[in-house]
1. Of everything in region 189-238, what is in a helix (DSSP H, G or I), over 30 Å from Tyr250 (Cα atoms) and not small (Gly, Ala, Ser)? Give them in sequence order.
2. From the list Arg180, Arg172, exactly one residue is loosely packed, with under 13 Cβ neighbours inside 10 Å and without any contact (Cβ under 8 Å) to a residue 60 or more places away in the chain. Which is it?
3. Taking the options Thr243, Thr230, Thr200, Thr238, name whichever one is surrounded by 16 or more Cβ atoms within 10 Å (Cβ to Cβ) and at pLDDT below 95.
4. How many residues, within region 112-133, are out of contact with any strand residue (DSSP E or B) (no Cβ under 8 Å at 6 or more places or on another chain) and either assigned to a helix (DSSP H, G or I) or under 21 Å from Gln251 (Cβ atoms) (or both)?
5. Assess whether Ser148 counts as being farther than 30 Å from Phe248 by Cα, at pLDDT 95 or above, crowded, with 19+ Cβ neighbours inside 10 Å and touching a helix residue (DSSP H, G or I) at 6+ places or on another chain (Cβ under 7 Å).
6. Test Leu117 against the stated conditions and say whether it is loosely packed, with under 15 Cβ neighbours inside 10 Å and not hydroxyl-bearing (Ser, Thr, Tyr).
7. Can you report the number of residues in region 29-48 which are surrounded by 14 or more Cβ atoms within 10 Å (Cβ to Cβ), assigned to a helix (DSSP H, G or I) and out of contact with any helix residue (DSSP H, G or I) (no Cβ under 9 Å at 6 or more places or on another chain)?
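The values are calculated or read from the model by the stated rules, or taken from the named source; none is laboratory data. These numbers come from a predicted model, not from an experiment. Here the Cβ positions follow ideal geometry from the backbone for every residue, glycine too, while neighbour counts run over all protein chains shown.
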Amino acid sequence: MIIHAYLTSGFFPWAELFLKSFKYHNGEDMKVILSTRGLTRHQVTLLKRLYKNIDIQNKNFSIQEFAKKAGVTQSQLLKFKKQVEEEHVTERNKVWKLMIAADDRVKSVRDTLKKNLDQDYMFHSDIDMYFRGELTPLFDFIKQHEISIRLRLKSKPNRKTMIGIQGYKINRKSLQFLNRWIYHVERVSPKDRPMGYGQTACYYAYNEFKNKTAWGSVPRKFIAPQMKPTDIIWSANTINGKTENLKFCYQDFEEIKNGS
């Protein structure tokens, strides 16, 4: 099992908590691969100090090029970036989220899987996740299926899949699914993508592969958007905003370490 996550520079504080909490509960035997965008050398060094078995694939991207794709000025896009990384996604700033989390991030999952075809399974997670316990039960679930994503098929299209955590058996079929997901993402230009389009595109690909592979719908207990004290993983995607949630998660982490 390899662990993968993706982050832009503004999520660096979350990457620190991600590694600290994962290591505390699960040790450092599993390899962690981070696809990072725009980190400084110092930030890369700090992350490597937190977790010994880590591979950081750091790249820079052109804000000028992204602004052109988004149809906004560079200053506007940088403002959107900061809002998404520190606060909430809104209709106004969603274009940044949809170019990053719904596009470049999915491509990083595909590329990481492709580079590790000699491994067995891969667990991908949002970087703004806080681990509150051992993840062996989740990994055991992932190993029972070829592709694992939380399915909510009675919801509207942009909520039928929940892509915050994903599990893959590393094989050609998983790679084909990811390529199809990316195909659906790229069919719509960034400025025209509606809110939640990354999950919508995932659902389109799921529909094409639902009878071709062994699917697992990740149980709700493994990820709690409401930050329930009984859940193993907390997601930062709540109405409190990223910055406040980071503080709250660190407070909980200290209580766990102190045995409170």
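1. Applying the first criterion (in a helix (DSSP H, G or I)) to region 189-238 yields 190-192, 197-209, 220-222.
From what's left, over 30 Å from Tyr250 (Cα atoms): 190-192, 197, 200-209.
Result: Pro190, Lys191, Asp192, Tyr197, Thr200, Cys202, Tyr203, Tyr204, Tyr206, Asn207, Glu208, Phe209.
2. Values: Arg180 fails: loosely packed, with under 13 Cβ neighbours inside 10 Å.
It is Arg172.
3. On the way: Thr243 fails: surrounded by 16 or more Cβ atoms within 10 Å (Cβ to Cβ); Thr230 fails: surrounded by 16 or more Cβ atoms within 10 Å (Cβ to Cβ); Thr200 fails: at pLDDT below 95.
Criteria check complete, one pass: Thr238.
4. The total comes to 3.
5. Working: farther than 30 Å from Phe248 by Cα: no; at pLDDT 95 or above: yes; crowded, with 19+ Cβ neighbours inside 10 Å: yes; touching a helix residue (DSSP H, G or I) at 6+ places or on another chain (Cβ under 7 Å): yes.
The answer is no for Ser148.
6. On the way: loosely packed, with under 15 Cβ neighbours inside 10 Å: yes; not hydroxyl-bearing (Ser, Thr, Tyr): yes.
So Leu117 fits the description; yes.
7. Going residue by residue through region 29-48, those that are surrounded by 14 or more Cβ atoms within 10 Å (Cβ to Cβ) are 30-39, 43-44, 46-48.
Subsequent filtering for residues that are assigned to a helix (DSSP H, G or I) retains 43-44, 46-48.
Next, only the ones that are out of contact with any helix residue (DSSP H, G or I) (no Cβ under 9 Å at 6 or more places or on another chain) stay: 44, 48.
Count: 2.
Residues are listed down the side, and each one gets a yes or a no for (1) over 18 Å from Tyr6 (Cβ atoms); (2) at pLDDT below 95; (3) under 18 Å from the mean Cα position of the chain (by Cα); (4) not acidic (Asp, Glu):
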{"position": "Glu87", "(1), (2), (3), (4)": "yes, yes, yes, no"}
{"position": "Val106", "(1), (2), (3), (4)": "no, no, yes, yes"}
{"position": "Arg110", "(1), (2), (3), (4)": "no, no, yes, yes"}
{"position": "Ser155", "(1), (2), (3), (4)": "yes, yes, no, yes"}
{"position": "Arg159", "(1), (2), (3), (4)": "yes, yes, yes, yes"}
{"position": "Ser174", "(1), (2), (3), (4)": "no, no, yes, yes"}
